[in-house]
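Heads up: the structure comes next, in structure tokens.
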Amino acid sequence: MELRRKSGINSILLFVVATTFVSFLALQTIQHAPTWNALFWIITLFAFINAANNTFRNDSENTQMYLNQLAHPQSILLSKTLYNALLMVTTGILNYLCYSFFVGNFISNHALFILLIVIGGIGFACVLSLTNAISSKASFNNTLMPILSIPLLIPFFIILVAQTNHLVGNKEYKDFAYAAARSGMEVDVLCKNIEFQSSTADSNCNVFAASDYQNKKSTMVFCGNIDPHNNIETIVKGKFENGTFYAAAIWTKANVNTNTSIKYYGALSLLTLIVLIIGLYLYPKIAKF
Amino acid sequence: MRKIWWKILCIVFLVFTVIAGFKIKVPALYPTQETLRNLFFHVPMWFGMITMMTVSLVYSLRFLNKKDLKHDIFAQNFAHTGTLFGVLGFITGMLWGKYTWGEWIPEDTKIIGAAVAVLFYFAYFILRSAINDEEKKAHLSAAYNVFAYVMLIIFTVIYPRMHASLHPGNGGNPGFNAYDLDSTMRMVFYPAIIGWILLGVWICTIKIRIELLQRNTI
């Protein structure tokens, strides 16, 4: 039934393209990953709210009454949510494509990010369908919709932004020259190669020869166990003191931490489920109005 | 409702809280020092807020099941008082934060969580003010209230436990935690919680009675 209304879908597509194009005009390309992250989710949020705005509002009172006679309110809400979820996943992925085309792409793992968009889109659909059901019954529903839904979407956003930050790596990595200039300050250095040299008197600590992206070599001291990181991009967190780099933590760049990812995706799905259940419980009680 | 003993209890507890809260010796811990006395005012606010919101939720659910407009008035007023407690909790927390962490509002998961939680209830009141029809208003806001309460619990109970926080009890904070409270502080802390909650209930009952009287006259 919703598919018949082509103008709705087209306006959302136009919205996505227009906003990404405006951000492209304003920024050309983004150098800073958190900015990319923030802008992406803001555009997505408003595209989603626009998309969901028509869920219940476009049905006239007569249509709603007719629908209520035909089907159980729960199934109406469920079908609207399903449709919204489909719409939002499409919008989200399209937004991602557009955004990476115009502004650039920071994501290291595309499949995981698309999975994030899919779960996030379903979650958003659950929240927005219900808030739209509520706000469509009130006067001033155009302004009411964002007011009601944005606080409810914040938990989703916290998870989505955190996971995106996780996927883009978030930080800008430095080289040894930068670290040497700021000796005593903790920095993250991206290393190309780390070779074992010798053990220090304290048997826990080892000395390594590390070379950074500018192929500048430096001696590095690290206490604890690491595997030899030959020719693997490695991030070293630590600081310079007296010409030696003391590393506090070492991790490889390519790996997205699976445990954290599972935690985030799990939390997101759980949240979606909770919202859906509450929505299904509540909607029959307010459907008659 | 109109029994008097709990009101006397409330007054006694709160007077005790204020007097004892400023008079007793508190352990000199870094970085709180003497500001630790704020414990008797800041923490009970959040206890009070959660209590008020829970009562509000119960009345919203009862309204949704029984369709009695009286329950809606109860739910609304309890949510109102709960929000008031939340805002007061913020103000006392800001004062405390200024003198212990050096910032009015440091970036902290518990603060963000509480801010968002209060935001839900602001949205709830905006929703209420946007609908004119009483029945409709009661139904929709009751539904939203249930939603808001779930998010409130997620934000104030679950979310801060997932992250480190400046607040005592999680993260590597050197201050006190619930187990460091010595016995004299406990003597004041528990009455303070009960006293503030009773005060909240008292405010609610007065507001509810005013509103019920107004409706009857109309």
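Taking a ≥ b ≥ c as the square roots of the eigenvalues of the alpha-carbon gyration tensor, region B:1-157 is classed oblate because a/c is 1.5 or more while a/b is no larger than b/c. Each Lys or Arg adds one and each Asp or Glu takes one away; over the other residues whose Cβ falls under 14 Å from the Cβ of B:Ile194, this sums to +2. Between A:Gln69 and A:Asn165, residue separation times 0.36 nm minus the direct Cα-Cα distance comes to 29.9 nm. Shown in residue order for region A:145-151 are the 3J(HN,Hα) couplings computed by the Karplus curve 6.51 cos²θ - 1.76 cosθ + 1.60 at θ = phi - 60°: 4, x, 4, 6, 8, 5, x Hz (x for Gly and Pro). Ranking of B:His71, B:His139 by neighbouring Cβ atoms within 10 Å, starting from the fewest: B:His71, B:His139. Note on A:Ser79/A:Phe21: beta-carbon distance plugged into 1/(1 + (r/R0)^6) with R0 of 41 Å gives a FRET efficiency of 0.75. Each label point was placed 7 Å from the Cα along the Cα-to-Cβ direction; for A:Ile274 and B:Gln214 their separation is 3.4 nm.
With a Förster radius of 41 Å applied to the beta-carbon distance between B:Lys7 and B:Asn132, the computed FRET efficiency rounds to 0.70.
Quick note: the coordinates plus some simple rules give every number you see, no bench work behind them. What you see is a predicted model; the values in this text were computed from it and never measured. In this analysis, Cβ positions are derived from the backbone assuming ideal geometry, glycine residues included, and neighbour counts consider all displayed protein chains.
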